[in-house]
Structures are given as C-alpha cells and as structure tokens.
Amino acid sequence: MRTPMSRVRGLGAAHTGTQDFWHQRVTSVAGIALCIALVIIVIGLLGRSHAAVVQILGSPIVAIIMLLFIINTVYHMWIGMQEIIIDYVHEDKLKLATLLANTFFCFGIGLASAFAILKLSFGV
Amino acid sequence: MTELEAGSTTGPRRSRPISPHLQVYKLTLSFVMSGFHRITGAVLYFGMLLIAWWLIAAASGPNAYSYFEWFMGSLIGRLVLFGYTWALLHHMIGGIRHLIWDVGLGFEPAEREFMAMATIVGSILLTLVVWVVGYLAMGGPR
C-alpha cells in the first residue's frame, strides 16, 4: 500500500516525476525563437560561397545562436522520440534498444554539430 | 500471466476496465493535428542529419561543402528542404497551440477548430513566404 506522499517522494515509475514534461516545454519555448533565428540565418547564407558561409557561421553571434539551437533541439528531440518509443514499443528488449539508439543518435548529432560550429569559429 | 491466473482464487478472471484507444473517438481536426504534430516531430528528428551534414561540410572545407550544395541544389534536395521547412513551421505553430493549452486557454470547440485551421493555413503560408524570401535573397530562382 502506497500513500499519496510516498508516490510523490518516489516521483513515479520513472523516478523523475514530471521533469521530461517540463523540460519539453522549456525547450519548446526557446525553440520558437531559435527556429526563427535558424531560418533567418539559412536565408542569409543561401547562394553564398563556402568562404563567406564559413566566415558568417563562425562569427560569434551566429555561432552562439547556432550552438543554442543545436543544444536546445537535440534535448527537445531526445525527449520527444523517447515519448514516441514509450508509447509504441512494448517489447522490453526492443524498447531498451530503441531508447539507447535514441540517446546515441541525439548525442552524436549534437556533438558533431557543436564540434563543427566550434571549428568554424576557432579555425584550424 | 499464468502465475496471475494460478494465483487467482476467485474463479474466472474479472474483466478489468481498460483505457479506450484512438478508434473510439470521433475524428476531429484537433485529433488529426495532434498526429501531424508527432509525425512532423519525427521527421524533423531525422532532418537534423541534414543540419549536421551542412555544418560538418562547411567546417570540412570547400570540397565537402560543394557536395552538400550540389545535393541541396538538386530537385530532390529542394523538395526535401521544402518539406523540412513546412514540417519545422508546422511543428512550431502546432507547438505554440500546445503551449496555449498548457496555460489553460483555448479549450472551447470554436477556439480549438480555429487554432487547428490556423496551424494548417499558417504553416503553409509561412513556408511559401520563407521560400519566396529565400529566392529573392538569392536573386531569383536558379
């Protein structure tokens, strides 16, 4: 028998309570501004030479916005895909495998993109 | 399951109340838009590969970047980018709709219908605006 208080202390089956729900909202609000910024940056880079693209993407303001976009987006999409997997995949091993794949994919995309932005900024 | 049945001493298993699934609900516009929100989210998830490719290609050098430019300039590349633009804007506007609900507003039937229509029409119009502005920025279609 679990009292309501023990349920609250245990923070539910995932032990993290409503953290994912709330973080998904935080990253969605940030995502509105960052997606608009991304669209503007991409339009500004259309048709430019590689040298010009490198210079603009590597400039501090653009690089910072792109880094914020990448970090915010990979976290948002990690939570979102996890929710989809939990909804549709019920077989334990397959669920574990797809949840892991989700984490690896998001981490890989995030790190690779962030590395590229930093390289564009700092050269070499 | 067998353990549960074996442990049961009350004869035939009682049928437990189960949560109704999608098919019992009337198909409404909000319902369809909820599906679209999830589908566009999943599409954007894999679309991030394109953004990563773009950034890595730019960081790798002119040669790698020319491959990216060649793909994005091709008909398939443009179609993919057009679809990506729409998915992004649809997910963004649909997300704003969800945020409005999260603060407890917009639950009246007329409001729901309006927001669902605004998401469809708004995302299509905004996609066209972004592409027109994009082509103007490049100095016309090429």
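No lab work stands behind these numbers, since they all come straight from the coordinates. Because the structure is predicted, anything quoted here is derived from the model rather than measured. Cβ atoms come from the backbone with ideal geometry, glycine included; neighbour counts cover every protein chain shown.
Figures for the structure shown
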quantity: Among the candidates A:Ile65, A:Ile43, residue that is within 25 Å of B:Arg78 (Cα to Cα), within 10 Å of chain B (Cβ to nearest Cβ), without any contact (Cβ under 8 Å) to a residue 60 or more places away in the chain and aliphatic (A, V, I, L, M); calculated: A:Ile43
quantity: Index of the failed condition, A:Gly123 passing every other in (1) touching a residue at least 60 places away in the same chain (Cβ under 8 Å); (2) facing chain B (nearest Cβ under 9 Å); (3) more than 20 Å from the chain's Cα centre (by Cα); calculated: (2)
quantity: Residue ID - nearest to the chain's Cα centre (by Cα), chosen from residues in region B:61-97 that are small (Gly, Ala, Ser) and facing chain A (nearest Cβ under 8 Å); calculated: B:Gly95
quantity: Conditions (1) on the phi < 0 side of the Ramachandran plot; (2) within 24 Å of the chain's Cα centre (by Cα); (3) surrounded by 12 or more Cβ atoms within 10 Å (Cβ to Cβ): number failed by B:Leu105; calculated: (3)
quantity: Unique match (being acidic (Asp, Glu), under 19 Å from A:Asp20 (Cβ atoms) and free of Cβ contacts under 8 Å to residues at least 12 places away in the same chain) among A:Asp92, A:Asp87; calculated: A:Asp87
quantity: Qualifying positions in region B:98-107 - among the aliphatic types (A, V, I, L, M) and at the interface with chain A (Cβ under 9 Å from one of its Cβ atoms); calculated: B:Leu99
quantity: Residue list for region B:108-134, restricted to those being over 21 Å from the mean Cα position of the chain (by Cα) and either within 13 Å of another protein chain (Cβ to nearest Cβ) or closer than 15 Å to B:Phe82 by Cα (or both); calculated: B:Val132, B:Val133, B:Gly134
quantity: Filtered residue count, region B:29-45, keeping only those that are facing chain A (nearest Cβ under 9 Å) and not charged (D, E, K, R); calculated: 4
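Yes or no, residue by residue, for (1) touching a residue at least 12 places away in the same chain (Cβ under 8 Å); (2) surrounded by fewer than 19 Cβ atoms within 10 Å (Cβ to Cβ); (3) within 25 Å of B:Val132 (Cα to Cα):
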position: B:Val43; (1), (2), (3): yes, yes, yes
position: B:Leu49; (1), (2), (3): no, yes, yes
position: B:Ala52; (1), (2), (3): no, no, yes
position: B:Gly61; (1), (2), (3): no, yes, no
position: B:Phe68; (1), (2), (3): yes, no, yes
position: B:Ile76; (1), (2), (3): no, yes, yes
